[in-house]
């Protein structure tokens, strides 16, 4: 099975209306990319970004960075999956380490959010990854197993699920695991998904690598088996950097 490659940009808490100019620059640089391209801006920009992409005739998708597990209610400051979809989002990032650490989200919380995202017809990007302490003590695969087991619902559809392996110690630090370590993590994830959901479903789920992905290291990262793309942080904020990463992904061998 050939999986469609995905370059996903996570703007995090960055970006105001002026930064939409980077989106225009990106679409002019990569007008018809041969891979799926996604940008997840702050919630305040989703509607405007979606409108701009429509006007530009771009195929780039828009996503949210989180959602609540409930559809409505007294949850001041939160946003429902249905609200993201109403604003034009088609994806949502869930379980990011910054949400797990800064907001105390548990695996059960993440699983409930994935269920809500699917109910709103959003594609869920589940983030999993170990901390530096866990990495140094050889717990990486154990942590990935725990997060996959606890964060994913009992049934999964490859069309609605993407898994992003993001070692916490590599996010925004400039540090990157070795290619062998990335291969081992992605191979383990694919195997765990196969055990739980069967080979047909598991082979269709796209696996992304995230953590200090840059134009300078993208080509070698995309050469690793079972790496179907990347979840990119800081480098997705600049059209020139993100475009180079997209180009590297297009040139990578098919999964």
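The values are calculated or read from the model by the stated rules, or taken from the named source; none is laboratory data. Treat the numbers as computed from the prediction; the structure is a model and nothing was measured. When we count neighbours, we look across all protein chains shown, and the Cβ atoms used for this are built from the backbone with ideal geometry, even at glycine.
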**Condition met for residue 52 (crowded, with 17+ Cβ neighbours inside 10 Å, touching a residue at least 12 places away in the same chain (Cβ under 8 Å), more than 26 Å from residue 190 (Cα to Cα) and more than 20 Å from the chain's Cα centre (by Cα))** = yes
**Item:** Out of 129, 150, sole residue that is crowded, with 23+ Cβ neighbours inside 10 Å and touching a helix residue (DSSP H, G or I) at 6+ places or on another chain (Cβ under 6 Å)
**Value:** 129
**Asked** residue 218 passes all but one of (1) buried (at least 22 other Cβ atoms within 10 Å of the Cβ); (2) more than 19 Å from residue 140 (Cα to Cα); (3) in contact (Cβ under 8 Å) with a residue 60 or more places away in the chain; which number fails?
**Response** (3)
**Request:** Look at region 1-18 and say how many of its residues are more than 30 Å from residue 200 (Cβ to Cβ) and either assigned to a strand (DSSP E or B) or in contact with a helix residue (DSSP H, G or I) (Cβ under 7 Å, 6 or more places away or on another chain) (or both).
**Result:** 4
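Residue-wise test of (1) under 23 Å from residue 11 (Cβ atoms); (2) modelled with pLDDT under 95; (3) surrounded by 15 or more Cβ atoms within 10 Å (Cβ to Cβ); (4) within 19 Å of the chain's Cα centre (by Cα).
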position	(1), (2), (3), (4)
166	yes, no, yes, yes
189	no, no, yes, yes
194	no, no, yes, no
209	yes, no, yes, yes
**Complete:** Filtering region 226-255 down to residues that are within 14 Å of residue 4 (Cα to Cα) and free of Cβ contacts under 8 Å to residues at least 60 places away in the same chain yields 226, 227, 251, 253
**Message:** With more than 25 Å from residue 209 (Cβ to Cβ) and either within 19 Å of the chain's Cα centre (by Cα) or assigned to a helix (DSSP H, G or I) (or both) as the only criterion, which of 78, 47, 109 stands out?
**Reply:** 47
